[in-house]
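Chemist: Handing you a structure now.
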Amino acid sequence: MSRGPVRVGVLGCGVIGDVYIANLGGHPEDVTVVACADLDLARAEVMAAKHDVPRVLAVNELLRDPEVELVVNLTWPAAHVELNLAALEAGKHVYSEKPLALTLDEARQTLDEAERRGLRLGCAPDTLLADGNQTARRLVDSGEIGAVLDASSWFYATSPGPAARHPAPDFFYQQGAGPLFDMAPYPLSTLVNLLGPIRRAWGRASRQVDEVVVGEGPRAGERLRVDVPLSYAAMVEFVAGPTAHIVTTWESAAGRGMLPVQVSGTAGTLWTPNPNRFQNAVRLRKSAADGDTGVEVAPQHRNTASEANLRGLGVWEMAVAMREDRPHRCSAALGYHVLEAMMAIEESAQTAAVVEIASTCERPDPMPEVLTAESS
């Protein structure tokens, strides 16, 4: 049931907008970017010229434009709720960068508005759709590692974190960002995809500095106030029983980036790719013969790219789901559940209490497999 490619309007033409628009251009049969908008119209003009986007609009013009079916909101976190609600009120489907909101009340308001209007609402991250994470999902679902016992994920970045290289890093150090809300959505979404919804969470947080220094660009040397913790350590317990240990920090001397997610079971251990990337590599260890790091498992899914940044994959999948009249995988319910888990970690870090998670969500359906090279 096709009515041509879904017509997308992109809000936010910064660094991540460049990646989204470029990748969406690789699926012209399913999605087409018909307009882009930014508070800085000159920046939007540059982006449109680079990617052959036919129209540059003011933000309010894009939201009202009858040609736009799906609004992709790539603005900074504090603007997500206002713009998502405005797009829904204008009758547009919405795909939002993470987090869905800065509070659970605002996130629930957004979900309720989408449901009331019969519109779709999606939320990043979409790395869980990549080949490696889908291969890991297949191994877990098939019982390849037996009953899952525990999992772990670590993200280590050298101080000062994003301020070292990002051209406009201010929002990373404000409420709604920091290493928890900026980085934890990746392993949490990956683990919910693998293990199902979360029951409870607890954690601790700290920071060693009250300001950071911009490292590059025209603002190099400028000092930014830090309003959030810069290191978190958390435990989450899943409804199905397993637990996971999650660390996110921008204060580590190691500066190693995000490591593979490790999932251990009664019959083996697997390592998924970096959950902030779209890599293929999955490793599986079932015996001593597999060595300490296991053996690599070949991916069997559709979106093959070992190192490419495929952000926008969730928008493409949502567009296909719209035309096929089926649920999309990067759902708002998943985004809300992950947001509540992060809020619970933050609350626990302040109170030292274990915090129960009230929401739940369905695991997204696995992506279709590609069984042979010829069928891909």
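Any read-out appearing in this document is the output of simple, stated calculations on the displayed coordinates, not a laboratory observation. These figures come from a predicted structure and were not determined experimentally. FYI the Cβ positions are ideal-geometry reconstructions off the backbone, even for glycines, and counts take in every protein chain you see.
Chemist: Modelling each spin label as a point 7 Å along the Cα-to-Cβ direction, I'd like the Arg223/Thr103 distance in nm, to one decimal.
Modeler: 3.2
Chemist: Rounded to the nearest 20 debye, what is the charge dipole size of the range 233-376 about its Cα centre when +1 sits on each Lys and Arg Cβ and -1 on each Asp and Glu Cβ?
Modeler: In total the dipole reaches around 320 debye.
Chemist: Have a look at Asp325, Asp52, Asp30 and tell me which one the Gaussian network model of the chain (Cα, springs below 10 Å) gives the largest fluctuation.
Modeler: Asp325
Chemist: Using Cα-Cα distances under 8 Å and only pairs 6 or more residues apart, what relative contact order does the chain have, in percent?
Modeler: Worked out over the chain, it gives 20 percent.
Chemist: At 0.36 nm per residue, minus the direct Cα-Cα distance, what do Val213 and Asp325 gain on full extension? Give it in nm, one decimal, please.
Modeler: Stretched fully, the Val213-Asp325 segment lengthens by 35.5 nm.
Chemist: Right, something else. Taking the beta-carbon count within 10 Å as an exposure proxy, list Cys361, Cys330 from fewest neighbours to most.
Modeler: Going from sparsest to densest Cβ surroundings: Cys361, Cys330.
Chemist: So how far, in whole Å, is the C-alpha centre of the range 157-189 from the one of the range 52-86?
Modeler: After rounding, the separation between the Cα centres reads 23 Å.
Chemist: Follow-up question, since we're still on this one. Sorting Ile345, Ile21 on the 10 Å Cβ count, fewest up front, what's the list?
Modeler: Listing Ile345, Ile21 from fewest to most nearby Cβ atoms yields Ile21, Ile345.
Chemist: While we're looking at this one, here's another question. Given springs between every Cα pair under 10 Å in a Gaussian network model of the chain, which of Glu347, Glu69, Glu216 has the largest fluctuation?
Modeler: Most flexible of the set in this elastic network: Glu216.
Chemist: What residue among Leu284, Ile21, Ala234 has its Cα farthest toward the positive end of the dipole of the chain, where the charges are +1 on Lys, Arg and -1 on Asp, Glu, each on the Cβ?
Modeler: Value: Leu284.
Chemist: Tell me, what are the semi-axes, in whole angstrom and largest first, of the equivalent ellipsoid of the range 6-123 as set by the roots of 5 times the Cα gyration tensor eigenvalues?
Modeler: 22, 15, 13
Chemist: Treating the beta-carbon of each Lys and Arg as +1 and of each Asp and Glu as -1, no other charges, what is the dipole magnitude of the chain about its Cα centre, to the nearest 20 debye?
Modeler: So the dipole magnitude of the chain works out to roughly 400 debye.
Chemist: Placing unit charges on C-beta atoms (Lys and Arg positive, Asp and Glu negative, everything else neutral), compute the dipole magnitude of the range 6-123 about its Cα centre in debye, rounded to 20.
Modeler: Here the range 6-123 has a charge dipole of around 80 debye.
Chemist: A further question on this structure: Beyond 26 Å, what percent of the Cα pairs of the chain remain?
Modeler: Of all Cα-Cα pairs in the chain, 51 percent lie more than 26 Å apart.
Chemist: Sticking with this structure for a sec: Quick one, could you list the DSSP H helices from the chain stretching 27 Å or more along their long axis (Cα atoms) with average Kyte-Doolittle hydropathy of -1.0 or above?
Modeler: 332-351
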